[in-house]
Amino acid sequence: MKANLRTIARLIPILAALWFITGCATADYYRLGQTRDDIDSKMTWYRNAAAFGAVPPGFEPQVNTAYQAYQTAFDAALKQKGNNYNAPTPDNVKQLANCLLSLLGAIPVVP
């Protein structure tokens, strides 16, 4: 019994390291299609909320500017990758997408 516990105790750090390494490796390969889907779903939410008057008006110009910057960078990256949605998302597109998602997440929805 003690031998099994020692074996498990030795394996935990190794498994944690492997999990961390593989988790980091897959993060580098976030695909353009995944990025598009994430943004599209959040923008659909935003547009629906705005249409029902649930978004304070001060957020509209900020969201429009952030979305336009993201969309321009995304379109350029997609064109550069030969319209391949399975290509890795470039860092600049990830950064703009994350900024847009942060902005959308900060919107206080008015009932």
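Here are some notes:
- Among the conditions (1) closer than 17 Å to residue 93 by Cα; (2) at pLDDT below 95, the only one that residue 2 does not satisfy is (1).
- Which numbered condition residue 82 fails, given (1) under 13 Å from residue 107 (Cβ atoms); (2) at pLDDT 95 or above: (1)
- Residues that are touching a residue at least 40 places away in the same chain (Cβ under 8 Å) and outside any loop (DSSP other than H, G, I, E, B) were ranked within the range 40-55; the one that is farthest from residue 75 (Cα to Cα) is 49.
- Selected residue [modelled with pLDDT under 95 and surrounded by 13 or more Cβ atoms within 10 Å (Cβ to Cβ)] from 71, 62: 62
- When the criteria are applied in full, residue 56 fails the requirement of being assigned by TED's automatic domain parsing to the domain that holds residue 77, surrounded by fewer than 10 Cβ atoms within 10 Å (Cβ to Cβ), at pLDDT 60 or above and farther than 26 Å from residue 81 by Cβ.
The values are calculated or read from the model by the stated rules, or taken from the named source; none is laboratory data. Since this is a predicted model, take the numbers as computed values, not measurements. In this analysis, Cβ positions are derived from the backbone assuming ideal geometry, glycine residues included, and neighbour counts consider all displayed protein chains.
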